[in-house]
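Undergrad: Structure below; questions to follow.
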Amino acid sequence: MIGLYILVLPLIDILTIPDGWSRVMPEPGSFGEYLHQLSFEITDSTYFWDGTASIYHSVAAVHKFKGLTEIEQCADVIMRFYSDFIKSKGQVVSWHDVQGNLKTWNGMDYAKFMRDIYNYSNTYSLYKFDSFPVKVNDAKPGDILVIPGFPGHIVLIVDVLKKDDKIKLAVVEGFTPAVQPFLYRPGPELHLTWNNGISVSGYSFAGENLRRIK
């Protein structure tokens, strides 16, 4: 029996640049650079938290979080990406809950701390307390597009391309029910062209939804 070969690549190697466009490179040591180096499995399927697979969205690749739980939905997977990055740099991991209370990891069980964050933080708290607005022309990898609400929705910008006054974005997304975060495929290209906003999985994001995590 021939085994199934699964192609896994750094995200940056998957994100090809269309002719005539140039990439906005993330700063060394930044969250954007961290995202570019993460391993993504080439696939057209999402993987649910329980390990089952389904063609559920327009998917180009997925990043598999170890121990993904059913409560890790769109905002949660983005907070996990950022928390893992901050933790890897030896910096303080902190998030606000929806009431504005700051919760900080103090060396306790990290998985338990993050479960508390998933339970009490969401798109609303990310928008109101843990991010600030960014102009579209200043967008860079690691920024977020967030519709605050209960639940609202959020995607993570992982690549930014420019050509004259035009801009393209590639995004990674989590969803409900909880799935491994996936690189969204809008069509033959992996980038969405910004035209007074973009649409991802049925959600419309405009300029006021563009934020950067503090």
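The values are calculated or read from the model by the stated rules, or taken from the named source; none is laboratory data. All figures in this text were calculated on a predicted structure; none of them were measured in a lab. Here Cβ is always computed from backbone atoms with ideal geometry, including for glycine, and neighbour counts include all displayed protein chains. Heavy atoms of the whole protein, side chains included, go into the accessibility calculation; ligands, DNA and RNA do not. Shrake-Rupley method; radii C 1.70, N 1.55, O 1.52, S 1.80 Å.
Undergrad: Can you tell which of Val146, Val179, Val155, Val171 is without any contact (Cβ under 8 Å) to a residue 40 or more places away in the chain and hydrophobic (A, V, I, L, M, F, W, C)?
TA: Just one listed residue meets the conditions, Val171.
Undergrad: Taking Asp76 as the residue in question, decide whether it is surrounded by 12 or more Cβ atoms within 10 Å (Cβ to Cβ), touching a Phe, Trp or Tyr at 6+ places or on another chain (Cβ under 6 Å) and either touching a residue at least 24 places away in the same chain (Cβ under 8 Å) or in a loop (DSSP other than H, G, I, E, B) (or both).
TA: Judged against the criteria, Asp76 is a match.
Undergrad: Please list, ordered by first then second residue, the pairs with beta carbon atoms under 8 Å, 6 or more apart or interchain, first in segment 40-59 and closer than 12 Å to Pro177 by Cα, second of a type outside the set (Ser, Thr, Tyr) and open to solvent by 50 Å² or more (accessible area, probe 1.4 Å).
TA: Sorted first by the residue in segment 40-59, then by its partner, the pairs are Thr46/Ala53; Thr46/Ile55; Tyr47/Ala53; Tyr47/Lys64; Phe48/Pro177; Trp49/Glu70; Trp49/Pro177; Asp50/Glu70.
Undergrad: What number of residues within segment 152-168 are surrounded by 20 or more Cβ atoms within 10 Å (Cβ to Cβ), more than 12 Å from the chain's Cα centre (by Cα) and either of a type outside the set (A, V, I, L, M, F, W, C) or closer than 28 Å to Thr69 by Cα (or both)?
TA: Summing the residues that are surrounded by 20 or more Cβ atoms within 10 Å (Cβ to Cβ), more than 12 Å from the chain's Cα centre (by Cα) and either of a type outside the set (A, V, I, L, M, F, W, C) or closer than 28 Å to Thr69 by Cα (or both) in segment 152-168 gives 1.
Undergrad: Only one residue in Ile144, Ile117 is closer than 22 Å to Gly29 by Cα and either modelled with pLDDT under 95 or not small (Gly, Ala, Ser) (or both). Which one?
TA: Numbers: Ile117 fails: closer than 22 Å to Gly29 by Cα.
It is Ile144.
Undergrad: Pick from segment 1-50 the residues that are surrounded by fewer than 10 Cβ atoms within 10 Å (Cβ to Cβ) and touching a strand residue (DSSP E or B) at 6+ places or on another chain (Cβ under 8 Å): which of them is modelled with the highest pLDDT?
TA: Gly20
Undergrad: Another question, if that's okay. Report the residue count in segment 94-103 for those that are over 17 Å from the mean Cα position of the chain (by Cα) and either part of a helix (DSSP H, G or I) or buried (at least 17 other Cβ atoms within 10 Å of the Cβ) (or both).
TA: The number of residues fulfilling the criteria is 2.
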